Each structure stands twice: as structure tokens, then as C-alpha cells.
Amino acid sequence: MENLDLKQMSAMVDIISEEKGLPKETVLDVIEQAIAAAWRKDNGDRDMNVRASLNTKTGEADVFVAREVIEDGLAYNPSTEIPLKEAGKKAKVGETIEEKFKVKSFGRVAAGTAKQVVIQRLREAENDAVLTAFEDKIGTVVTGTISRVEPKLVRIDLGRASGIMPRSEQIDGEYYTVGNRIKVYIKNIERGDRGAQLILSRGSAEFIECLFRQEVPELENGTVEIKGIAREAGKRTKIAVQSTVPGVDPVGTFVGGRGIRVQAVMNEIGDKEKIDIITWSDNISEYIREALSPAEIVKVEVEGKKAKVYVTEDQQSIAIGKQGQNVRLASKLTGYEIDIELMKSTHKKKKQNVEDALLSALEEETTEE
């Protein structure tokens, strides 16, 4: 392949386009990138800004090297810059001009470079096309097969495409085994220098919402709504729900008969993660009381976006939760900064006052005697 056959490459545009299911413009762009890379290998260096143009009818190609025009007399990089006197009369300092070269033939190494570029870029373009077809699936839950487990991510095969589940999107404490089939939430498509990447999640609040949507048909017809979700994956989730129809118990609807609906969700995420389903309220004090469930609240004082919540001594640890988890999730769910305060017992004060009165009376009697 010492001489890169441009006519043959031109003819391959239609064939590759049909085989890969890619637009002709995409395939042509890939081949032009390969020609530019091969020309740079033979005639320039990696710093050069080179583009190629292939005429698919004649099989002829040209390359254009872009360089910035700089003032005469300055030190310059010939790969990316050109002095004003060499750029021509019409050139201006600061603008970019292109120099045209006719492509004739390539050496063996350059031809090999072109072939590698074509293979790599076509793979990336094919992957992008597949992922673009998944764009309408963003925000849904699909089933995939674990293909590889790495320290920082898990790779999951979804059939026509594959995606990654970063550690931040995994359920804390969940063990992943190659070959296992699992449900994942399609969170996003990230596009970067290395092509497009499907981002999957099991640790997000959206994953929980989608699982409930599969179990609670009343969500689809609007009888009940999810007003908010706060989650620490693998540990605890709080979900606030509301009924839009009088007489419908929103919490009971999500729990299901004998807990069958909430249990189905827990079976998917694991029994280690607890789910608190609470009733949403537009009364913020009431909403904060519910959000701190299962703790019993004595009083709530709201000022701005802060709330002081008073509890009795026996409810303090429940309200705060293990390592502050309960109050942290309640704060995230409601959007209010919550401080747990201990309510001083008036009962003990009254008891103390009675004891003081008795002691005073005894002292008076003793004095009189």
C-alpha cells in the first residue's frame, strides 16, 4: 500500500456508508481526515493545521495548510505561522491563510497511518450514530448485561450499544459480576475527544423514580405525583408524594397492598437501602415534620430557608439519624437547612418547683420550733 489509491478511496465512500449505516458526508469526512493525517506524516509535522478535500468524482485530493500571519522580523513557528511578507499583499497580520497542495502519493508509513485513522474514526462515527439513536431513551430504565468491572467504573452491554456506570453512579456496597443482567437508568450521553459515551446510573434519585413508575400505574394517569426525592444510594431514600384526587392515600398507593410495590423497588436496589415514603405538604412546617419521619417532632420554627426543629430527648437520635443521615436527607428533600434542638422538659421543672416548696415549708416549721 505504498501508494494510497485515492480513486479507490473515493469509490469506497458509498460502500462504507451503506455497510455502516452512516451518512455519506460522515464517511467522506473520515476519509478526508485520513488523507490529511497521511500528508502530514510525509510532508510536515504534528503541529500543522491540515485539512483535506477529496473529489469523489475525479478521485483527486488537495490539502490545505492553515497558518497565522504575523509581523515580519519576529521569531515564528513555520508549522503554524507565516511572516507577512511571505503571506502575500492581500494578507493582514492576525488573520489565518491557507496554502494549497496537490496530493499525489504517500509513502508506506503514511498510508498505514491513513488506514488506522479510517478504522478508528469510522468506529467512533458508528458509535456516535448508535448513541444518537439512544437519545430518546435518556431518562428511562433499560436492562443490560455487565461486560466488564473496572476499579472506577462498570461497563454494561445494552445490545446495540454499550455504556459505562461510573463509581459515583453506583449503589454503595453493591457487588457487580460479569455476565449478570441488571437494570440501569440512562442518565446522559457525554461527547468528548474520544467520541460519545453513554452514562448509566443505579445510584441516582431518578433511578428510584423510574422504578416506582414501573410499579405504580397511578403515576401515569396523574392520580398521584412524586414531589421530591432525596437519596444516599445503598443507605436510605426519602420520597415525598402527593395525591391529586380527594380520598386517595398517596403513601398507601406507593407502598401497595401488603407492601408489594415498595418491596419490588427494594428488591431491585437491595434490602440494605431503606425507603421512607412521606406525604408532601405546601405547609413547610408540616412538610419538615414529615421529612424527618420516623422521628416525632414537638415544634418547628421556620425563618427564611432555615428551620429549627424541637424534639424530646428520646427522639433526638432518631431525628438526626445515623451519622446525621436522617436530618441530612430531610434537608435535601425540603430544601431547608434544618437544625435539631432539644426541647427542655417543663414536666421536670414543675416537679422541681414542688420539691423546693416542700423543702421551704419544712425549713419554716423547723425555724418556728
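No lab work stands behind these numbers, since they all come straight from the coordinates. The model shown is predicted, which means the values in this text are computed figures rather than measured ones. Glycine also receives a Cβ, built like all others from the backbone with ideal geometry; neighbour counts cover every protein chain displayed.
Summary of packing: across the peptides 83-90, 267-274, the per-residue average of other C-beta atoms within 10 Å ranks them, highest first, as 267-274, 83-90.
Between Leu329, Leu74, Leu122, the Gaussian network model of the chain with springs among Cα atoms under 10 angstrom shows the greatest mean-square fluctuation at Leu74. Volume per residue for region 6-133 equals 131 cubic angstrom (convex hull of Cα atoms). For region 204-280, the share of alpha carbon pairs falling in successive 10 Å distance bins from zero is 20, 59, 19, 1 percent. The lysines within cross-link reach of Lys90, meaning a Cα-to-Cα straight distance under 20 Å and a gap of 8 or more places when in the same chain, are Lys100. Using every pair of separate Cα atoms, the Kirkwood estimate puts the hydrodynamic radius of region 136-201 at 12.0 angstrom.
Cross-linked pairs Lys306/Lys344; Lys152/Lys272; Lys7/Lys85; Lys7/Lys41: Cα-Cα separations exceed 29 Å for Lys7/Lys85. Extension gain, Asp42-Glu126: 0.36 nm per intervening residue step, less the Cα-Cα distance, totals 27.4 nm. Summarising the label geometry, the points placed 7 Å from Cα in the beta-carbon direction at Gln325 and Lys24 lie 6.1 nm from one another. Residues in region 13-30 carry Karplus couplings, in order, of 4, 5, 5, 5, 4, 6, 5, 8, x, 10, x, 4, 4, 5, 5, 4, 4, 4 Hz; the curve used is 6.51 cos²θ - 1.76 cosθ + 1.60 with θ = phi - 60°, and Gly or Pro positions show x.
Amide H contacts for Glu341 (H built 1.01 Å from N in the peptide plane; partners 5 or more residues away or on another chain; cut-off under 5 Å): Val309, Tyr310, Val311.
The GluC sites (Glu not before Pro) of region 1-84 meeting both criteria, a DSSP state outside H, G, I, E and B (loop) and at most 13 other C-beta atoms within 10 angstrom of the site's C-beta, are Glu2, Glu71.
Each Lys and Arg contributes +1 and each Asp and Glu -1, all at the Cβ; summed about the Cα centre of region 204-280, the dipole is approximately 260 debye. Label separation (Asp157 vs Glu71): 6.3 nm, computed from points 7 Å beyond Cα along the C-beta direction.
Proximity of backbone amide H atoms, modeled 1.01 Å from N, is registered between Phe106 and Leu4 at under 5 Å, excluding neighbours fewer than 5 places apart on the same chain.
Looking at region 92-194, the trypsin sites (Lys or Arg not before Pro) that sit in a DSSP loop and have at most 16 other Cβ atoms within 10 Å of their own Cβ are Lys92, Lys104, Lys152, Arg160, Arg194. Above 26 Å, the calculated P(r) of the chain contains 70 percent of its Cα-Cα pairs.
With contributions of -39500 (n - 2.57) from each DSSP H run of at least four residues, the per-residue ellipticity at 222 nm computed over the chain stands at -12000 deg cm²/dmol. DSSP finds beta bridges in the chain, and of those with both partners inside it, around 75 percent are antiparallel.
Rounded to 0.05, the FRET efficiency of the Glu296 and Arg213 pair, given R0 = 22 Å and the Cβ-Cβ distance, is 0.10.
Projecting the Cα atoms of Phe106, Ile278, Phe64 onto the charge dipole of the chain, computed from C-beta unit charges around the Cα centre, puts Phe106 farthest toward the positive end. What residue among Glu206, Glu95, Glu296 has the largest mean-square fluctuation in a Gaussian network model of the chain, using Cα springs under 10 Å? Result for the chain, Cα springs under 10 Å: Glu95 fluctuates most. Comparing Glu124, Glu232, Glu301 in a Gaussian network model of the chain where C-alpha atoms under 10 Å apart are linked, the largest mean-square fluctuation is found at Glu301. Placing unit charges on each Cβ (+1 for Lys and Arg, -1 for Asp and Glu) gives the chain a dipole about its Cα centre, and among Ala161, Ile16, Ala230 the Cα reaching farthest toward its positive end belongs to Ile16. For region 236-242, the Karplus equation 6.51 cos²θ - 1.76 cosθ + 1.60, evaluated at θ = phi - 60°, returns couplings of 7, 10, 10, 10, 9, 10, 9 Hz by residue, with Gly and Pro reported as x.
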